[in-house]
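Q: I'd like to ask you about the structure that follows.
The values are calculated or read from the model by the stated rules, or taken from the named source; none is laboratory data. Values in this document were obtained by computation on a predicted structure and should not be read as measured data. Note: ideal-geometry Cβ built from the backbone for every residue, glycine included; neighbour counts use all protein chains shown. Heads up: the accessible areas ignore ligands, DNA and RNA and are worked out on the full protein's heavy atoms, side chains in. Shrake-Rupley method; radii C 1.70, N 1.55, O 1.52, S 1.80 Å.
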Amino acid sequence: MHYALSFFFSHIVVTNSSTKMELYSPDSQEKPSALGHMLQGIQHFGLTTPDLDKSLKFYIEVLGGRLAVGGDGFYGPELHNLLFQQDELNSKEGEHSPEFYGVPDLRDGSKDALDVRFIQFGNTNLELLHFRGAKETPFAPNIFKPVSSSVGFGNVPHVSFHMKSNVDMDEFATKLVEESHKRGLTEVSVNKKVEVDNRNQLGEAPESYAITEFPGSFEGWALIYAKGPNGEQLEFNQVRSVCRDNFITAMEQYNKLNGTDHNWPKG
């Protein structure tokens, strides 16, 4: 992995008495990729939601996304194979049931069904997937229990929202919790930067959420980490100064190599 990073990026090393940190910047040597010219960016990011109603309320009423397309009760053998073929083969070749691998049965619509919503956020989309019994409504619980969303686990995703640069991040974090709880989404919470041993201490701790100081090519990066209404991992970040310039340089290189015309947000 280090070889791949050093191949595509120039880097500097920051050291002190206890840590060694490598920081990467865009490489001026532009090299075409194998398939990049066939793509035009990321179309959406997908989450499987345990509770579709909570997700819609949060991503539309709180965060301001707009419903683009959606549908309920999808099923069929081709759809089943398209979504789950590799996972089902793992089950057939191993010792565990399809359920262990998170595989529902969408083949004929008699057992399980899929509901889908796409939420538009301006520069990309969030897809919400929801699997439930075929005779249940779209607002029944997802048929499989949630798994941990800690980013420490391999393959665990998170969604990051790009905040406007003039927004106070700590104030935003407070309002995020307030507006969510006001709508009954009491599971929404934001991590604080302080060390605590229990949730009582967390509630009493100062409202200090954002990390805003980073070195080198990360200068101007800022972020907070939060849990969404179904326990999903969320990030809210700002990109300014040196870091913003690096992203714009990389975006311009992407446009040049792949024939696209993406623009950086103005805010």
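Q: For the stretch 30-82, enumerate the residues that are free of Cβ contacts under 8 Å to residues at least 60 places away in the same chain and β-branched (V, I, T).
A: I60, V69 - these are the residues of the stretch 30-82 that are free of Cβ contacts under 8 Å to residues at least 60 places away in the same chain and β-branched (V, I, T).
Q: What number goes with the only condition from (1) in contact with a helix residue (DSSP H, G or I) (Cβ under 6 Å, 6 or more places away or on another chain); (2) more than 15 Å from F161 (Cα to Cα) that W264 does not pass?
A: Unmet condition: (2).
Q: Can you find, within the stretch 155-184, the residue that is surrounded by the most Cβ atoms within 10 Å (Cβ to Cβ) among those that are among the acidic types (D, E) and closer than 16 Å to I211 by Cβ? Steps first, answer last, please.
A: Initially, the stretch 155-184 is screened for residues among the acidic types (D, E), giving 168, 170-171, 178-179.
Subset that is closer than 16 Å to I211 by Cβ: 168, 170-171.
On the way: D168: 11, D170: 18, E171: 12.
Taking the candidates together, the pick is D170.
The rows are residues; the columns are (1) assigned to a strand (DSSP E or B); (2) acidic (D, E); (3) at pLDDT 95 or above; (4) open to solvent by 30 Å² or more (accessible area, probe 1.4 Å).
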site: Q40; (1), (2), (3), (4): no, no, yes, yes
site: D53; (1), (2), (3), (4): no, yes, yes, yes
site: K57; (1), (2), (3), (4): no, no, yes, yes
site: I60; (1), (2), (3), (4): no, no, yes, yes
site: G64; (1), (2), (3), (4): no, no, yes, yes
site: A68; (1), (2), (3), (4): yes, no, yes, yes
site: G73; (1), (2), (3), (4): yes, no, yes, no
site: E78; (1), (2), (3), (4): no, yes, yes, yes
site: L82; (1), (2), (3), (4): no, no, yes, yes
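Residue-wise test of (1) among the acidic types (D, E); (2) touching a Ser or Thr at 6+ places or on another chain (Cβ under 9 Å).
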residue: S28; (1), (2): no, yes
residue: G36; (1), (2): no, no
residue: E78; (1), (2): yes, no
residue: Y101; (1), (2): no, yes
residue: D112; (1), (2): yes, no
residue: R117; (1), (2): no, yes
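Q: Which is within 16 Å of L52 (Cα to Cα), within 20 Å of the chain's Cα centre (by Cα) and at pLDDT 95 or above, of L126, L114?
A: Working: L114 fails: within 20 Å of the chain's Cα centre (by Cα).
Of the residues listed, the single one that is within 16 Å of L52 (Cα to Cα), within 20 Å of the chain's Cα centre (by Cα) and at pLDDT 95 or above is L126.
Q: Go through (1) in contact with a helix residue (DSSP H, G or I) (Cβ under 8 Å, 6 or more places away or on another chain); (2) surrounded by fewer than 19 Cβ atoms within 10 Å (Cβ to Cβ) and name the single condition W221 misses.
A: (2)
Q: Could you identify the single residue in S160, S165, S208 that is closer than 30 Å to E30 by Cα, of a type outside the set (F, W, Y) and assigned to a loop (DSSP other than H, G, I, E, B)? Before the answer, list the steps.
A: Details: S160 fails: assigned to a loop (DSSP other than H, G, I, E, B); S208 fails: closer than 30 Å to E30 by Cα.
The match here is S165.
Q: Please list, ordered by first then second residue, the pairs with beta carbon atoms under 7 Å, 6 or more apart or interchain, first in the stretch 169-188 and in contact (Cβ under 8 Å) with a residue 12 or more places away in the chain, second loosely packed, with under 13 Cβ neighbours inside 10 Å.
A: That search, which allows pairs on different chains as well, returns D170/E207; D170/S208; T174/E207.
Q: Now for a different question. Scan the stretch 107-130 for residues that are open to solvent by 40 Å² or more (accessible area, probe 1.4 Å) and polar (S, T, N, Q) and jot them down.
A: Result: S110, Q120, N123, T124.
Q: Scan S33, S25, S6, S17 and give me the residue that is small (G, A, S), within 26 Å of F161 (Cα to Cα) and modelled with pLDDT under 95.
A: Numbers: S33 fails: within 26 Å of F161 (Cα to Cα); S6 fails: within 26 Å of F161 (Cα to Cα); S17 fails: within 26 Å of F161 (Cα to Cα).
One residue alone meets the criteria, S25.
Q: Are any of the residues in the stretch 170-183 outside any helix (DSSP H, G or I), aliphatic (A, V, I, L, M) and either within 30 Å of G73 (Cβ to Cβ) or in contact with a strand residue (DSSP E or B) (Cβ under 9 Å, 6 or more places away or on another chain) (or both)?
A: So far as the stretch 170-183 goes, no, none of its residues is outside any helix (DSSP H, G or I), aliphatic (A, V, I, L, M) and either within 30 Å of G73 (Cβ to Cβ) or in contact with a strand residue (DSSP E or B) (Cβ under 9 Å, 6 or more places away or on another chain) (or both).
Q: Let me ask something else. Select from the stretch 86-121 the residues that are part of a loop (DSSP other than H, G, I, E, B) and without any contact (Cβ under 8 Å) to a residue 24 or more places away in the chain and list them in ascending order.
A: Taking the stretch 86-121 as the starting set, the residues that turn out to be part of a loop (DSSP other than H, G, I, E, B) are 94-97, 102-111, 121.
Correct list: G94, E95, H96, S97, V103, K111.
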